[in-house]
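This report refers to the structure that appears directly beneath it.
Nothing in this text is a laboratory measurement; each read-out follows from the coordinates by a stated rule. What you see is a predicted model; the values in this text were computed from it and never measured. Here the Cβ is made from the backbone with ideal geometry for all residues, glycine too, and neighbour counts use every protein chain on show.
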Amino acid sequence: MKRFLVLILAVSLVLMLITPVAFAKSDKDKPLSASDVELVKKVTLKGPKAPKGKPATQAASGELGDPCTGTKYAVIVGISDYPGTSSDLQYCDDDAEDMYSTLTTIYGYKSANISLLIDADATFDAIRDAIADIDSVEKVGDEVVFFFSGHGAKGKANDGDREAMDESIVVHNDNNKQFLYIWDGDLAGWFSGFDSRIIFIFDSCLAGGMTDLKAPGRVISMACSETGLSYESDAWGGGHGQFTYYFVEEGMYYESAEMINDDTPGVVDVTVEEAFDYAKANCVSQTPTISDSFTNDLLP
């Protein structure tokens, strides 16, 4: 009997020692360690704006999908001012402001339901918490937009997927003295419990790697391929990322991408797919990509 009790105590002690370590490894809310990390900087250009191309319908089906019947939420991130000075950009904060204005003035999003995180406010914790706040209230019928403009990175991260090389968005640490990386697997985990439909928009290098977020009811619009670069310039709307300018400002805000029901004055009906087609037709030196798992076309 004594031997049995000693055995139980020994097993209990081992479990107590092991459990904290196992929990730490599975804690998805902390920055992940990664190897072979390479920052891939968005490129700032100067020069004349490229001529407009005619949208070649590829993503847009011409048929509207189900409208949003619930609440609309958004997390909008734009980082121009990175730690130090060598990695600073010029127009990613403007991209974020552009997305905010478009959602609130054109698509009926309420500012109270939007987290706008710019420069030093766009930390790993702030972005994670903004997503978690929406996760705690969103439901079927709601809609969520996640927008990011800034640098991308690649590396080998233990983020839960099977990729040999992972992609990330590059954000601030809370002390604003170093970069932190939110990997594609991080985002996939943070959004895994969502019941609402989701619109992801990434204007960063390597953006095409964010297809790990694919799921029914989602559209992922990415500024370039999984290995491509993203560009910004004062030539685009006085200062924007190329993709954001054509997708958000011209395509959605000024309705240049409108093709469905364009004979109805005063009706805003530029869909995500139309905006993507317009951006893809006009972007130069980068090839936007899309992952569309929404039935027909998604009108925000």
Need the full-extension length gain, Val140 to Glu63, defined as separation in residues times 0.36 nm minus the C-alpha distance. One decimal, nm. 25.6 nm
Cα gyration tensor shape for region 68-110, rounded if a/c is under 1.5, else prolate or oblate: prolate
In what sequence do Asp98, Asp119 fall when counting other Cβ within 10 Å, fewest first? Asp119, Asp98
How would region 68-163 be classified by its alpha-carbon gyration tensor: rounded, prolate or oblate, with rounded meaning a/c under 1.5 and the a/b versus b/c comparison settling the rest? oblate
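Of the beta bridges DSSP finds with both residues in region 119-228, what % are antiparallel, to the nearest 5? The partial results should precede the final answer.
Numbers: 9 of 22 bridges.
If I count the DSSP bridges inside region 119-228, around 40 percent turn out antiparallel.
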Spin-label pair Asp133/Ser192, simplified geometry with 7 Å Cα→Cβ offset, distance in nm: 2.4
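Quick one: work out Rg over Rh on the C-alpha atoms of region 191-266, Rh as Kirkwood radius.
Working: Rg = 14.7 Å, Rh = 14.0 Å.
Looking at region 191-266, the ratio lands at 1.05.
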Two pseudo-spin positions, 7 Å from Cα along C-beta at Ser225 and at Gln90, lie apart in nanometres by 2.7
Once the piece of chain linking Lys110 and Glu97 is laid out straight, how much longer is it, given 0.36 nm per residue of separation minus the C-alpha distance between them? 3.2 nm
Suppose each label sits 7 Å from its Cα in the direction of the beta carbon; what would the Thr44-Asn296 distance come out to in nanometres? 4.4
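Could you tally the net charge around Thr71, taking each other residue with its Cβ under 15 Å from the Cβ of Thr71, Lys/Arg +1 and Asp/Glu -1?
On the way: positive: Lys72, Lys110, Lys139, Arg197; negative: Asp133, Asp135, Glu138, Asp142, Glu143, Asp195.
Spelling it out: positives minus negatives among the neighbours equals -2.
What does DSSP give for region 198-300 in terms of the percent of beta bridges that are antiparallel, rounded to the nearest 5? It would help to have the intermediate numbers written out before the result.
Values: 6 of 11 bridges.
Beta bridges within region 198-300, antiparallel portion: roughly 55 percent.
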What shape does region 126-261 have by the C-alpha gyration tensor, where a ≥ b ≥ c are the square roots of the eigenvalues, rounded means a/c under 1.5, and otherwise prolate means a/b greater than b/c and oblate the rest? oblate
